[in-house]
Amino acid sequence: MAAQTIPLASTTTAEPAADWDALAAQARAVRRTKAVVLYAFLIAVSLPIILPYFWLVTIAFSAKTGVAETAVLWRSMAVVVPAVVAFWLTAALAQGRRQLWIGIAAVAAFAVFAFALLVGPDLHLGNFIFLWEPDFASVVRSRIGEVKGAVQFPNVWHAFGNSILIAGAQTAIVVTVASLAAYYLSRFQFPGRSSMLRSLLVLHAFPVLTLIVPMFLMLYWIGLLDTLSGVILVLVAFELPFAIFIMKGFFDAVPWDIEMSALTDGASRRQAFVSVVLPQVRNGILAIAVFTFIRGWEEYIFVFTFLIRNSNWTMSLYMYWVRDDVMGVDYGVVSAVGVFYLVPSLILYMAAQRYLMQMSIGGVKG
Amino acid sequence: MAKIEFRNVVKRFGAVEVIPDMNLVIEDGEFVALLGPSGCGKSTSLFMLAGIYLPSGGELLFDGHVVNEVEARDRNVGIVFQSYALYPHMSVRDNILFPLRFKKTPRDEALTKVKAVADLVRVAELLDRRPGELSGGQQQRVALARALVKEPQLLLLDEPLSNLDASLRLSMRTEIKSLHEQLGVTTVLVTHDQIEATTMADRIICMRAGRIEQVGTPDDLYLRPSSLFVASFIGSPPINLIAGEAEGGTVTVNGVRFPVDGASGSLTMGLRPELLRFGDTGFAGRIAQIEPMGREILYVVETGMGAVRVLEQGSSAGHSPGEEVKVSFLPENSLVFETERQKLIAGAHVRAPG
Ligand SMILES: Nc1ncnc2c1ncn2[C@@H]1O[C@H](COP(=O)(O)OP(=O)(O)O)[C@@H](O)[C@H]1O
Ligand SMILES: [Mg+2]
């Protein structure tokens with residue numbers, strides 16, 4: 001019986017053997033095509049995102065008053081576009097981490113070198129004049145012979161301070177209130193708990209802009225129009241629901257046992273919250289803090305509507321008025337203000353990126 | 001150390017009455033086990049002792065003082081949770097130090113205590129690690145250390161061994177028992193595993209659906225189970241229960257006749273597998289299945305009254321599947337229960353037929 005099946009098996013394997021190779025080759029081809037399509041897509045998507053920021057920075061450091069020169073942009077593009085393509089190609093072709101890092105380093109070094117060569121001579125810091133000359137608008141205008149009509153700008157550091165104040169205060173309030181509220185929602189049963197949770201989400205679903213007129217009236221009546229605290233209050237109110245919702249997810253993921261254990265170990269409810277529960281939702285707190293801060297930093301519509309005096313300007317208003325006043329004259333200065341406005345968000349994102357990534361992991365549990 | 005007393009304790013969650021009426025005394029220094037199937041209210045009772053749950057009614061006494069409303073943190077109770085509940089962001093040392101923080105123990109003294117208790121449960125070399133870097137058994141020891149470091153008057157263990165693998169469970173059983181012998185602290189162990197309860201505890205409190213079914217030594221529960229529930233919960237493999245009608249001094253089950261002393265009416269006979277013997281007399285059956293269990297062999301015998309389990313000493317089977325056998329037992333090894341009320345009839349026995 002067994003002796004009969006052996007020759008039978010060897011004849012049958014001979015034929016499909018060719019088939020196996022063909023199938024493997026086919027699978028390889030499919031995988032390769034998929035990889036090519038994926039990286040083509042990544043290149044196509046990343047270029048339009050990277051280019052505007054790149055231009056913004058290039059213009060900020062190279063444009064001159066009254067000159068609308070685009071040659072430098074084309075030259076810088078000649079560096080960036082190949083660099084982005086080369087980056088993705090390295091990512092696609094690299095085998096192993098080491099190769100990837102070496103490849104990226106090589107691409108970066110080459111790009112920096114080419115950039116220094118092609119764009120370097122045009123770079124200067126003159127567009128950042130607003131950092132040390134509050135009346136830069138008049139200075140810039142005088143360069144092309146216009147003298148009158150410049151907007152009275154406050155010191156940019158004053159606007160910067162206002163923005164930090166608004167974003168910072170808003171963050172502090174949102175983080176504190178959201179943590180406490182979310183903890184309560186997560187731990188205690190009370191009538192109306194589930195409808196409260198539902199309404200938290202619904203609140204977030206409405207476009208806040210629709211409330212701008214009633215908000216204006218309310219602030220006017222309580223006397224907080226054209227004050228920073230008024231804007232902070234409004235922003236806090238709009239940011240809270242979602243922050244509470246996110247934080248509740250984090251608290252839900254902290255086991256009861258741990259808290260109960262702390263209570264039997266001699267902690268009061270508050271001590272247990274602070275020393276045992278809070279450390280475990282640290283990532284959630286960092287995440288909502290960063291998002292709230294950046295929301296406040298970017299805020300434009302409400303500050304535009306509720307703040308009037310130029311001593312109350314935030315960076316976004318400053319940016320708006322710079323654009324309004326000197327755009328036609330000197331778009332280098334406008335870009336420089338943009339870069340200055342962008343840097344804090346960028347630093348914050350980069351510093352907190354690790355925690356923000358975890359939000360999607362920890363927060364969804366609830 | 002403390003003497004614990006439940007007096008008519010009731011616990012409700014909303015409309016659900018989990019513990020209807022609990023009465024129990026645990027002596028100072030005793031090691032008792034709360035044994036029962038999952039969901040019967042063991043943890044709930046334990047959490048009331050710890051002060052995590054407030055009793056809905058009745059009185060809970062420590063050394064004669066009502067403690068119903070005393071906060072958890074003032075009770076000086078050490079508890080090991082089923083999940084261990086270690087604080088993940090703290091090192092093992094800080095975990096064990098945690099209870100001392102609130103006792104305002106001076107730092108030097110606290111560290112000495114931590115060292116001592118860590119030596120006791122053999123985690124001294126793990127003090128700088130995080131709980132996440134420990135194995136299940138090590139986490140468990142750390143949880144024990146944390147519960148013991150405050151020198152509690154009462155030690156509560158909620159299914160402490162259920163997350164461990166079999167061999168570790170065996171060694172931790174011995175270790176916890178010897179810890180109790182060393183420290184003499186009143187200990188309440190919650191478990192659904194009858195072997196854990198019988199091997200570790202001085203007394204077992206067998207619970208069913210929030211009620212105490214029987215309280216006694218492991219021997220009491222094994223030899224004189226007060227009800228069918230306890231009889232079937234204690235012992236492994238489980239007891240054989242055979243129901244029949246007694247008339248004129250004989251229980252008849254499907255034509256098989258067992259002479260009976262001291263009982264009549266609808267009866268259920270309880271025959272422990274390890275107390276059954278193959279022989280020339282007894283009720284007849286055919287071996288359906290053989291399960292070697294190391295030093296013992298479990299036979300499943302098909303009889304006219306259903307399948308009967310017989311456990312024999314020895315490592316090689318003396319019988320083969322399909323073999324016709326007769327099974328007998330000593331009358332004093334039999335238990336007789338009232339089928340209706342499911343209660344033991346004390347002193348009643350049946351004899352093997354023929
Ligand atoms: N916090 C609670 N809220 C509502 N029901 C609960 C709560 N805790 C326990 N129960 C219910 O009480 C019963 C006993 O639970 P428990 O004491 O945890 O059982 P076990 O004996 O397995 O430890 C279960 O039916 C459980 O659903
Ligand atoms: Mg339990």
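Brief remarks follow.
- In a residue-by-residue description of the stretch B:214-223, the property of being within 16 Å of ligand 2 (Cβ to nearest atom), touching an Asp or Glu at 6+ places or on another chain (Cβ under 8 Å) and modelled with pLDDT of 95 or more applies to no position.
- Odd one out for A:Ile308, checked against (1) aliphatic (A, V, I, L, M); (2) within 13 Å of another protein chain (Cβ to nearest Cβ); (3) touching a residue at least 60 places away in the same chain (Cβ under 8 Å); (4) not in a helix (DSSP H, G or I): (2)
- Scan of the stretch A:314-333 for residues that are surrounded by 23 or more Cβ atoms within 10 Å (Cβ to Cβ) and not in a helix (DSSP H, G or I), ordered by number: A:Thr314, A:Asp330
- A residue that is farther than 16 Å from B:His349 by Cβ and touching a residue at least 40 places away in the same chain (Cβ under 8 Å) occurs nowhere in the stretch B:257-264.
- Filtered residue count, the stretch B:245-261, keeping only those that are outside any strand (DSSP E or B) and in contact with a His (Cβ under 7 Å, 6 or more places away or on another chain): 0
- Output for the stretch A:272-287, where each listed residue is open to solvent by less than 10 Å² (accessible area, probe 1.4 Å) and in contact (Cβ under 8 Å) with a residue 60 or more places away in the chain: A:Val277, A:Val281, A:Gly284, A:Ala287
- Sole residue being away from ligand 1 (no atom under 12 Å from the Cβ) and under 25 Å from A:Ala272 (Cα atoms), chosen from B:Asn23, B:Asn95: B:Asn95
- Meets criteria (exposed (fewer than 15 other Cβ atoms within 10 Å of the Cβ), hydrophobic (A, V, I, L, M, F, W, C) and out of contact with any Lys or Arg (no Cβ under 9 Å at 6 or more places or on another chain)) for A:Val234: no
- Condition check for B:Pro225: surrounded by 18 or more Cβ atoms within 10 Å (Cβ to Cβ), outside any strand (DSSP E or B) and touching a strand residue (DSSP E or B) at 6+ places or on another chain (Cβ under 7 Å): yes
- Of note, B:Gly248 does not satisfy the criterion of being more than 19 Å from B:Phe81 (Cα to Cα) and assigned by TED's automatic domain parsing to the domain that holds B:Leu134.
- In the stretch B:155-168, the residues that are away from every other protein chain (no Cβ under 14 Å) reach residues that are open to solvent by 40 Å² or more (accessible area, probe 1.4 Å) and more than 12 Å from ligand 2 (Cβ to nearest atom) with C-beta atoms within less than 7 angstrom, at least six apart or across chains, in these pairs: B:Leu161/B:Arg169; B:Leu161/B:Arg173.
- Residues in the stretch B:202-222 that are farther than 27 Å from B:His349 by Cβ, touching a strand residue (DSSP E or B) at 6+ places or on another chain (Cβ under 8 Å) and either outside the structural domain of B:Leu156 (by TED's automatic domain parsing) or open to solvent by 10 Å² or more (accessible area, probe 1.4 Å) (or both): B:Asp202, B:Arg211.
- Residue identified as within 30 Å of A:Phe216 (Cβ to Cβ) and more than 9 Å from chain B (Cβ to nearest Cβ) among A:Ala289, A:Ala253: A:Ala289
For every residue, the table says whether it meets (1) more than 16 Å from ligand 1 (Cβ to nearest atom); (2) over 21 Å from A:Gln271 (Cβ atoms); (3) hydroxyl-bearing (Ser, Thr, Tyr).
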residue	(1), (2), (3)
B:Ser91	yes, no, yes
B:Val114	yes, no, no
B:Val117	yes, yes, no
B:Leu120	yes, yes, no
B:Leu127	yes, yes, no
B:Val149	yes, no, no
B:Asn163	no, yes, no
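- Residues satisfying the stated conditions in the stretch B:190-236, i.e. within 13 Å of ligand 1 (Cβ to nearest atom) and among the β-branched types (Val, Ile, Thr): B:Val190, B:Thr191, B:Ile205, B:Ile212
- Residues that are open to solvent by 10 Å² or more (accessible area, probe 1.4 Å) and away from ligand 1 (no atom under 16 Å from the Cβ), drawn from the stretch B:31-57: none
- Some residue of the stretch A:141-159 being farther than 24 Å from A:Phe61 by Cα and among the basic types (Lys, Arg): yes
- In the stretch A:164-186, residue farthest from A:Leu233 (Cα to Cα) [restricted to those that are hydroxyl-bearing (Ser, Thr, Tyr) and touching a residue at least 12 places away in the same chain (Cβ under 8 Å)]: A:Ser186
- Checking each residue in the stretch B:179-196 for being open to solvent by 50 Å² or more (accessible area, probe 1.4 Å) and over 8 Å from the mean Cα position of the chain (by Cα) picks out B:Glu181, B:Gln182, B:Leu183.
- Residue match in the stretch B:126-147 (condition: under 24 Å from the mean Cα position of the chain (by Cα), more than 25 Å from A:Glu259 (Cβ to Cβ) and open to solvent by less than 60 Å² (accessible area, probe 1.4 Å)): no
- The stretch B:153-175, subset open to solvent by 10 Å² or more (accessible area, probe 1.4 Å) and under 12 Å from B:Ala33 (Cβ atoms), residue nearest to ligand 2 (Cβ to nearest atom): B:Glu159
- Selection within the stretch B:275-322 - closer than 18 Å to B:Gly354 by Cβ and either in a loop (DSSP other than H, G, I, E, B) or in contact with a Pro (Cβ under 6 Å, 6 or more places away or on another chain) (or both): B:Leu276, B:Asp280, B:Thr281, B:Gly282, B:Phe283, B:Gly304, B:Met305, B:Val310
- Counting only residues that are in contact with a strand residue (DSSP E or B) (Cβ under 7 Å, 6 or more places away or on another chain), within 17 Å of B:Phe329 (Cα to Cα), open to solvent by less than 70 Å² (accessible area, probe 1.4 Å) and not acidic (Asp, Glu), the stretch B:264-280 holds 8 of them.
- Near pairs, Cβ below 7 angstrom, 6+ apart or cross-chain, from the stretch A:187-199 (free of Cβ contacts under 8 Å to residues at least 24 places away in the same chain) to any residue that is open to solvent by 60 Å² or more (accessible area, probe 1.4 Å) and part of a loop (DSSP other than H, G, I, E, B): none
- The one condition in (1) under 28 Å from B:Leu49 (Cβ atoms); (2) away from chain B (no Cβ under 14 Å); (3) open to solvent by 30 Å² or more (accessible area, probe 1.4 Å); (4) not hydroxyl-bearing (Ser, Thr, Tyr) that A:Arg269 fails to fulfil: (2)
- Filtering the stretch B:10-23 for residues that are touching a residue at least 12 places away in the same chain (Cβ under 8 Å), within 14 Å of chain A (Cβ to nearest Cβ) and within 16 Å of ligand 2 (Cβ to nearest atom) leaves an empty set.
- Boolean, A:Ser229 is of a type in the set (S, T, N, Q), more than 14 Å from chain B (Cβ to nearest Cβ) and part of a helix (DSSP H, G or I): yes
The values are calculated or read from the model by the stated rules, or taken from the named source; none is laboratory data. Worth saying up front: this structure is predicted, and the values here are computed from it rather than measured. Quick reminder, even Gly has a Cβ in these numbers, built from the backbone with ideal geometry, and neighbours come from all protein chains shown. Just the protein is used for accessible areas: all its heavy atoms, side chains included, with ligands, DNA and RNA removed. Shrake-Rupley method; radii C 1.70, N 1.55, O 1.52, S 1.80 Å.
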